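The values are calculated or read from the model by the stated rules, or taken from the named source; none is laboratory data. Here the structure is a predicted model, which is why all the values come from computation and not from measurement. Neighbour counts are summed over all protein chains in view; Cβ atoms, including those assigned to glycine, are modelled from backbone coordinates with ideal geometry.
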Amino acid sequence: HRHFAQVPGTDQQHDDAVEERFGGLYRAFQYGAPPHGGMAAGIDRVVMLLVGARNLREVTMFPMNQQAYDLLMSAPSEASPQQLRELSLRVAVTKKEG
């Protein structure tokens, strides 16, 4: 089965390249694409309508504040040196002028 057979100009080489770069997502789509195609209402919006809330933030399951900070999990947080090593990341801090 060629997953990109309906896309003009694709071939087996393209399939292999996509699987190499996006393996997890590629394998997930082998079980089928989400049926909503990006147009789902979302459970949070349904709950908002059911409880009569005027704001989506009142019923959001994982709320964040205006700075995108999760108050329940204190996320995002700084990565530990061990986590940075595991991910082969290095933090480079530059000094601001002025």
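Looking only at residues in region 23-54 that are of a type in the set (A, V, I, L, M, F, W, C) and at pLDDT below 80, which one is nearest to the chain's Cα centre (by Cα)? So that I can check it myself, show each step before the final result.
The first filter runs over region 23-54 and keeps only residues of a type in the set (A, V, I, L, M, F, W, C), leaving 25, 28-29, 33, 39-41, 43, 46-51, 53.
Now drop any that are not at pLDDT below 80, which leaves 25, 28-29, 33, 39-41.
Working: Leu25: 11, Ala28: 14, Phe29: 15, Ala33: 15, Met39: 16, Ala40: 16, Ala41: 17 Å.
Only one residue fits best here, namely Leu25.
I'd like to know if region 4-21 contains one or more residues that are at pLDDT 75 or above, part of a loop (DSSP other than H, G, I, E, B) and surrounded by fewer than 10 Cβ atoms within 10 Å (Cβ to Cβ).
no
Which one of the conditions (1) modelled with pLDDT under 85; (2) closer than 29 Å to Leu72 by Cα; (3) assigned to a loop (DSSP other than H, G, I, E, B) does Arg57 fail to meet, given that it meets all the rest?
Result: Arg57 fails condition (3) only.
Looking at region 74-88, which of its residues are surrounded by 10 or more Cβ atoms within 10 Å (Cβ to Cβ) and more than 23 Å from Phe62 (Cβ to Cβ)?
Leu84, Arg85, Glu86 - these are the residues of region 74-88 that are surrounded by 10 or more Cβ atoms within 10 Å (Cβ to Cβ) and more than 23 Å from Phe62 (Cβ to Cβ).
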